[in-house]
Each structure stands twice: as structure tokens, then as C-alpha cells.
Amino acid sequence: MLIVTLILIVLAVSILIQSNQIKSLIYNQQAQFFIYEANEVSTIIKNESSSEVVNERVRILAQFLNATILIYDRDGDLTTAQKTQHEGHNHVILKKEFLTRVWQGGNIIHAGKVNNYPIDIFLVAVPVIENDKITKAVVIYSPLAPLKQQINSIRQISFWGALLGMGLATILSVFILKTMTRPLLKMEAVAHAIANGEFGKQVPVVTNDEVGKLASSLNNMSLQLKEKIEAIERLDKTRQEFVSNVSHELRTPLTVIQSFSEAILDGLVKEEKVRDFYLKNILEESKRLKRLVDDLLDLKALEAGQTLADMEYVLISKLVMVTSGNFMSLAKEKNIDLNVTIKDKEVTVYGNIDRLKQVMTNLIGNAIAHTQPGGRVEIMEEQKDDRVLISVADNGPGIPPEEIEHIWERFYKVDKSRSRGAGGTGLGLAIARRIVELHGGSITVESAPGQGAVFIVNLPIINNV
């Protein structure tokens, strides 16, 4: 019933507004009509020198208009008065002050009582201007009752029309409410279920109108909301981990730098060998901080850019051999067998050689870091159609399935127990993936616990170099 009540209120307000507008419209029309006729009288006064002719023409006009016409001179004295038959009593006597606006060059429009005249009237007064001077005032008035009766008639028609409209609107509203209530109640129940965390609830869709579309939208929202909430939770968790990781990565080296510096400055370190040890640690921690800041800035620049600068033709076989050669001594030191297989020596891509080296360095370094002594790391390059695949495989502990999709996140480390000295900043894979994407390629990983991991870089080949 709330809708019905609102409709009634709106219609009532509409009737009131229309009533005032009707009154204003009729008054304005009557005023314009009387002003026009008063100007006609003014023209007669200026064009006719004979007062008898003026009086006769004014009398005829007064009878035609069924209104009283008065003419006042500049001193405010009445010179002509032509009454209509309806006016059985004396005409209106206007005080000099009433015509003040006319003597100033303006028109007067008045509805209501005037002095002691027994009835309400509608009056208009205009100035007569001769030789740029106001010489007379023409006043036309008639009883206000006919105008009020006309207004009341129109108001009654509007009222009954609105009342009929309200009746029809009420009947229609009740019918619509009955049609809409049932699916809306079902949607309300689903909405409450969603609010209580019961996602996936569905509303039967039986129509294709607005209510049916609303039900479909609610169904889609119910299905998607769970995914959105889970995504937000993952994002919030990632953000918290990001802040925590950055804080951890910054706090430890800063603490070391601060404590060792204070020890040296306070004179607590007496021996030169110990001082050198402290200074070396300060230098190493400073380098670690620089690497972290450089990686963060590097990743930010890569994510903000759409292309890479300094692009050239890169021979993939040479890139793989040079990059893997840089790790030969480290692999030998850790007793790891580092094998390189080149199947297509002439494959060329268009890219930034330094960035591509950065990708290979990260993947090979990670593979060696996760491989136990006596293990192996295999690097292979091969062509498939118009793409070149570079794979880096190790036989380390592998990556748990639930963590594979997260390894590309900033600061994410599969082995949470690894010490700071055993790994980098945790940004390497995020940087590597962005670099490969800017080359129009992709990077994927295949892994299973206890069976190692294989990272595969897929890049487009440039032919006819």
C-alpha cells in the first residue's frame, strides 16, 4: 500500500500545483487582454480631439467588454466613467495614491478589493503618453467573480480527472503489486541468503521483463560474488604479505647497518680485523638493500611501460650459451650437473638482449638454488612453428600444486623457511614474466612435488633476418 499512498500524494500535489498554474494563467490572460484594450482607449484619446466622440467610443467599448472604463487626468481627477449594465451601484473611486505606479510609467494589475467597493474586481490601469509625457490614466475593471467561477470550473474538472486517475492507478498498482510481489519476495530471500554468506542461491526466472532481468542479475551476482570475495581476500592477503615482506627485507639489513655502525663509532671495535669484518657486513647489507630497491623500481617501470627500449635482433642460441656459461663455476662448486641443449642455432627474436639475459639469469639461478648437490639442471632451446621455447628444468623438491599460481606474485617464496642469505628479493619471477610479456611471449611452469620444476619461456621468432 505504500506505492498507492505515494501515488495519491503525488497526484494531490499535482492537482494543487496545476490549480495555482491555472489561476495564474487565467489572470495573466485577462490582464493582457485588458492592457491591450486600455491601450486602444489610449489611442482613441490621443487621436480624437472631441470629448463627446471619445466618450461615445469608450461607452461602446465598455459595453463590448462588459467592463467599466475610467479615465483620470494627470491631477488624479476622474474625467470619464463608462459603466456596464452589470454594475448597478457606483463605479470604483480610486485614490490618487493608487495610480502612483501609472504616473511613473508602469501598468497596474490588481485582483481583489479596492477601497470600499462592495465586490472583488479585476483591474488594469495603463498610462496615456502624449509628446513623451504621461497625461492621463486609463482604468478598466470588471467583477472578479466570473474569473473565479471559470477557475473553479477548471479546478473541478482537474479534480475529477485526477480522482479518476487515482482510482485507475490504485487498481493498476494492486494488480502490479500482486504480479511483482511473488518474485520479489523470492529475490529478497536470496538476497538475505547472500548477506548471510550463502552464495550460489538462484531465483527462478519466469519472465523476460524488468523483474525477470533483475532476477537474472541477482543470479549472476550470487554466482560471481563468491569469486569476487575470494579474489579480494587473496588480494588482501597478498598486500599484507607484500608489506610484511618489504618490511622484513628492509628491517634486517638496516638493523645490521645501524648496529655495526654504532659499534664502530662508539669505539667498541678495537681490532682492525674485527672492524673490517663489520665494514664488510655493512657493505653487503647496503648492496642487499640496493638490490631490493632496484628490483622494486625495475618491476614498477616494467609494469608501467607498454614497450621496451633498445630492441635488436637476438640470436637465442648465443643468449642461452652465454647466460648458462656464467653459472658453470657455481654449478661445479655445488656439484650440480648443468647441461645445455641447443636444437636450433639460427633462431632469432626481436628483443632487448639485457632484459632477456635477466630472465635467463633468474631462471637458471633459481634452478641451481633449488637443486641439491649431485643433482642436475637442464637447459634446452628448440623451435616449434613460429615460436622458440627455452626450458630450464631442475630435479629439486618441486612446487606444490596449490602454490604454482602464486609464484609470480611479488615476494612470494615457495620455501618460506629459506633464509635471507639463500635467496634473492622474491621479485625475480614477477620481473621475468613481465619482461617476457613485453616481448610478446609467455612463461609457464610445470612441476610436481619431488619431481623438480620446468620453466618454459615462449617467444615469437623473427624470420628473414
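Taking 0.36 nm per intervening residue step and subtracting the Cα-Cα distance, what contour gain separates residue 312 from residue 283 on full extension?
Fully extending the segment from residue 312 to residue 283 adds 6.8 nm.
With n ≥ 4 as the cut-off for DSSP H runs, can you work out [θ] at 222 nm for the chain, using -39500 (n - 2.57) per run divided by the number of residues, rounded to the nearest 500? Numbers along the way, then the final one.
Working: 10 runs with 249 residues, N = 465.
Per the formula, -19000 deg cm²/dmol.
Report, in debye and to the nearest 20, how large the dipole of region 2-150 comes out about its Cα centre when Lys and Arg carry +1 and Asp and Glu carry -1 on their Cβ. The partial results should precede the final answer.
Details: 13 positive and 13 negative charges, 82 e Å.
In total the dipole reaches around 400 debye.
Work out how much length residue 19 to residue 113 would gain on full extension: take 0.36 nm times their residue separation and subtract the Cα-Cα distance, in nm to one decimal.
Values: separation 94, 0.36 × 94 = 33.84 nm, distance 2.19 nm.
Between residue 19 and residue 113, full extension yields 31.7 nm more.
Between residue 210 and residue 268, what FRET efficiency comes out of the Förster formula 1/(1 + (r/R0)^6) with R0 = 60 Å and r the beta carbon distance, rounded to 0.05?
Numbers: r = 79 Å, r/R0 = 1.32.
Once the sixth-power term is evaluated, E becomes 0.15.
How would you rank 61-67, 359-365, 324-330, highest first, on the average number of other Cβ atoms within 10 Å across their residues?
Working: 61-67: 17.1, 359-365: 22.3, 324-330: 14.0.
Per-residue mean Cβ counts within 10 Å order the peptides as 359-365, 61-67, 324-330.
Which shape class, rounded, prolate or oblate, goes with region 299-347 when its Cα gyration tensor gives a ≥ b ≥ c as root eigenvalues, a/c under 1.5 marks rounded, and past that a/b bigger than b/c marks prolate?
Values: a/c = 3.56, a/b = 1.57, b/c = 2.27.
Note, shape of region 299-347 comes out oblate.
For residue 145 and residue 328, calculate 0.36 nm times their separation in residues minus their Cα-Cα distance, and state this gained length in nm to one decimal.
54.6 nm
If you average the alpha carbon positions of region 131-209 and of region 288-358, how far apart do those two centres end up, in angstrom?
Each part reduced to its Cα centre gives a spacing of 72 Å.
What is the calculated FRET efficiency for residue 231 to residue 193, with r their C-beta to C-beta distance and R₀ = 22 Å, to the nearest 0.05? Before the final figure, lay out each step's value.
On the way: r = 21 Å, r/R0 = 0.95.
In this case the efficiency is close to 0.60.
List the lysines whose Cα sits under 20 Å from the Cα of residue 270, skipping any in the same chain fewer than 8 residues away.
List returned: 280.
Once you keep just the Cα pairs under 8 angstrom separated by 6 or more residues, what percentage relative contact order results for the chain?
Working: 607 pairs, mean separation 43.2, N = 465.
Relative contact order comes out at 9 percent.
With +1 on the Cβ of every Lys and Arg and -1 on the Cβ of every Asp and Glu, and nothing else charged, how large is the dipole of region 305-460 about its Cα centre, in debye rounded to the nearest 20?
Working: 17 positive and 20 negative charges, 104 e Å.
In debye, rounded to 20, region 305-460 gives about 500.
When you count, for each residue, the other Cβ atoms within 10 Å and take the mean per peptide, how do 383-393, 280-290, 257-267 rank with the highest first?
Working: 383-393: 16.9, 280-290: 14.5, 257-267: 12.5.
Averaged packing, sorted descending, gives the order 383-393, 280-290, 257-267.
Under a point spin-label approximation (7 Å from Cα along Cα-to-Cβ), what is the residue 133-residue 276 distance to one decimal in nm?
Inter-label distance under the simple model: 12.1 nm.
Just order 370-380, 186-196 by mean Cβ neighbour count inside 10 Å, highest at the front, would you? Please report the intermediate quantities before stating the final value.
Values: 370-380: 17.5, 186-196: 13.8.
With the highest mean Cβ count within 10 Å placed first, the list reads 370-380, 186-196.
Pull out a ≥ b ≥ c, the square roots of the eigenvalues of the alpha-carbon gyration tensor of region 95-238, then state rounded if a/c is under 1.5, prolate if not and a/b is larger than b/c, and oblate in the remaining case.
prolate
Of the labelled options [x] 24.6; [y] 51.6; [z] 46.8, which one gives mean projected area of the Cα convex hull in nm² as computed for this structure?
This structure yields the entry labelled [y].
Label-point separation (nm) for residue 448 and residue 304, each offset 7 Å from Cα along Cα-to-Cβ?
Placing both labels 7 Å along Cα→Cβ, they lie 4.4 nm apart.
Let's test the formula: R0 of 22 Å, r as the Cβ-Cβ distance of residue 339 and residue 291. What FRET efficiency results, to the nearest 0.05?
Values: r = 29 Å, r/R0 = 1.31.
E(calc), rounded to 0.05, equals 0.15.
Between rounded, prolate and oblate, where does region 275-385 land on the alpha carbon gyration tensor, with a ≥ b ≥ c its root eigenvalues, rounded for a/c under 1.5, else prolate if a/b exceeds b/c? Intermediate values should be presented prior to the final figure.
On the way: a/c = 2.68, a/b = 1.22, b/c = 2.20.
Taking the square roots of the gyration eigenvalues as a ≥ b ≥ c, region 275-385 is oblate.
No lab work stands behind these numbers, since they all come straight from the coordinates. These numbers come from a predicted model, not from an experiment. Ideal geometry is used to build each Cβ from the backbone, glycine not excepted, and the neighbour counts take in all protein chains shown.
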